[in-house]
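The values are calculated or read from the model by the stated rules, or taken from the named source; none is laboratory data. Just so we're clear, the structure is a prediction, and the values are computed from it rather than from any experiment. As a convention, Cβ positions derive from the backbone with ideal geometry for all residues, glycine included, and neighbour counts pool all protein chains shown.
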Amino acid sequence: MATKPRFIAEPAPVSAGPTYVADSNTIQVPVFPTSDPAGNFAPPFVLPPDQWIVEFVVQQPGNQTFVFDSVTFDDSLQNVMIVENLSDQAGGVTWSAKLKNTVSSVNMLSCTVTLVSQDPLDSAFYRGDPTIAAVPDPMG
Amino acid sequence: MLAVMEPTNNTQVSLTGPTVIYEFATRQDENSSLTIQANVIVYPPTSAGGQPIIQAPMIAIPGPENCVVVWTLVDGSDSIPFTRLEFSNDEQKGIGIPSANHPRMPDGVGISSSSVVDAAPNQWTVTVDNSVTAANTFHYTIFIVYDLGNGPLKTSHDPTIAVVPDPMG
């Protein structure tokens, strides 16, 4: 059984899920900093077939500001291509990557999202690994 | 198609498209079930005699977990609303898992309860026990009764659910 995340902003913030903006083939995924060793927290999401922009968005806890350090994907998964993942997004509160899914059966894409605090007294890296299921079935 | 879920509190969910919401903030503790809210948007037929258009969200069920999935039918009509929009609850149950069209279920996935929500015929709840060891998917069937003012009609839709062995996070 999964443990409940310990959010930096207590009481725990919100419930959330991914946002599919099909008109622009974009999936928006909220990322919540937590004090767990895992570091941050994002809802699982499904990657439908074809090309999608995955946009991670930091949800700021209280008065502490977090920004992206990096987002990395496992590029060894067959039939999921990392089309674009620009590293110059470090320091921002959103991070976009372009993925192309051509799987013929469901598979999971590994991903590591790393945040850093802009508090000069907090030099920790807040890492999380959201679950991404690449599926062959279109939305609908 | 637009599916919108912006991080917000539970009472301010935008319903302009199919949404899936993981209720991790309201979860009591790690031993309680995780509730997943799935809003299904139903649009009226675009032509006389046509079928309504049903848009269901893509749900990924984390594991190992007992997840309570609550589907809610939402009227997506712009002008003429449905006079009735609810889950079928006769020989065809509102959420068919497994359904006659899709009898195959992945190993490690069980259904321990399935019923309409009391006093809310547009809501159906299913408890999914997910203990898969590898990611998988299955189809299910949504059975709907609707009325546009000319008497009740039935329709159905077959979306996909992904089950994964990863816990939330």
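Structure summary
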{"read-out": "Residue match in the stretch B:113-133 (condition: surrounded by 15 or more Cβ atoms within 10 Å (Cβ to Cβ) and at pLDDT below 90)", "value": "no"}
{"read-out": "Close pairs (7 angstrom Cβ cut-off, 6 or more residues apart or separate chains): surrounded by 16 or more Cβ atoms within 10 Å (Cβ to Cβ) in the stretch B:75-96, among the polar types (S, T, N, Q) and assigned to a loop (DSSP other than H, G, I, E, B) anywhere", "value": "B:94/B:88"}
{"read-out": "Residues of the stretch A:84-140 that turn out to be more than 9 Å from chain B (Cβ to nearest Cβ), buried (at least 21 other Cβ atoms within 10 Å of the Cβ) and in a loop (DSSP other than H, G, I, E, B), as a count", "value": "0"}
{"read-out": "Where a residue in the stretch B:134-160 is without any contact (Cβ under 8 Å) to a residue 40 or more places away in the chain and its partner, wherever it lies, is small (Gly, Ala, Ser) and part of a strand (DSSP E or B), with Cβ under 6 Å and at least six apart", "value": "B:135/A:133; B:137/B:162"}
{"read-out": "The stretch B:1-44, subset at pLDDT 90 or above and among the polar types (S, T, N, Q), residue surrounded by the most Cβ atoms within 10 Å (Cβ to Cβ)", "value": "B:39"}
{"read-out": "Some residue of the stretch A:28-49 being surrounded by fewer than 22 Cβ atoms within 10 Å (Cβ to Cβ), in contact (Cβ under 8 Å) with a residue 40 or more places away in the chain and away from chain B (no Cβ under 14 Å)", "value": "no"}
